[in-house]
Amino acid sequence: MMILSSVKPFGTPVMNLIRKRKSVRTYKKVAISPEDQDGIRKFLAGLPKPPFGTQVRFQWMAPGQDDAQMLKGLGTYGFIKNPAGYMAGACERSEKGLQDFGYLMETVVLHLTGLGIGTCWLGGTFTKSRFSERMKATEQEWIPAVVSAGYPAEKARIFDSWVRKGAGSDKRKPWSELFFRIDFTRSLDPGGAGPFSDALEAVRLAPSASNRQPWRILLSDGGDLHFFLQRSSGYEKKTKWAGMLDLQQADMGIAMSHFELQAREAGLSGSWVAQAPGIAPVPEQKQYVITWKPR
């Protein structure tokens, strides 16, 4: 499987970018500079194939006249103010496509953070939207999310702080709820994670839809790290009823991106493989996704 191979691909320590990035909904009324636009284009052109090898493509878009009206139907996303543009992405219609989408889009988001550009993930039903038309998305593609972008306003609106507080965006689950060793009855602490402590902390700090943090990681006796999706109760039925995509699959891709970028920056080599741990039965609502196999 293809992997991100560059060390420090952003010119800034990955953890610094992860800690710095927060959802920005209010931007300065200025365009992205030509230098930064050139940097974005070059970065997009150099993206590798994602872990599952599905087709994912991205397009930088200037704001459209009807964007604000369309976003009003998506809750707080309708309150994005003065975006300089949007990063849109299309992926193959499959669970793995959504995971690969999240993996690559979060890598792009961190690159934008390194350029001093603020972002906000906007997940919703974009497959039949103006964004889809502008991307010329095919019937075999989904547009799971777009990312608004621009230089952050010097002073965020009170509304922005209210949204962050209401969503619990600054809160993260403790290690004891996210990371385990051998089986899911034994929690893993940073001291027991060895060289992967920082990479797992990078996962813990990752963004997710509604801040549900659905990733669970199991460290085996042999040192493999198995990634599981912890389903939120009723989530699948709710999203299908609302006609929305399964964004928790994209969340898993975001977690994988954070883990790998930090691991590689620390000089830890490895690869993504499909090798589920031999534990039976797998606890309810946990779905195996992929394994990081150190080398």
Charge context of residue 183, other residues only, Cβ under 12 angstrom, K/R +1, D/E -1: +3
Pairs from 42/136; 29/49; 20/155; 173/293; 96/128 whose Cα-Cα separation, in the structure shown, is over 23 Å: 29/49; 173/293
269, 132 arranged by Cβ crowding within 10 Å, fewest neighbours leading: 269, 132
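Any read-out appearing in this document is the output of simple, stated calculations on the displayed coordinates, not a laboratory observation. Predicted model, so just to flag it, every value in this text is computed and none were measured. All Cβ positions, glycine included, derive from the backbone under ideal geometry; neighbour counts span all protein chains shown.
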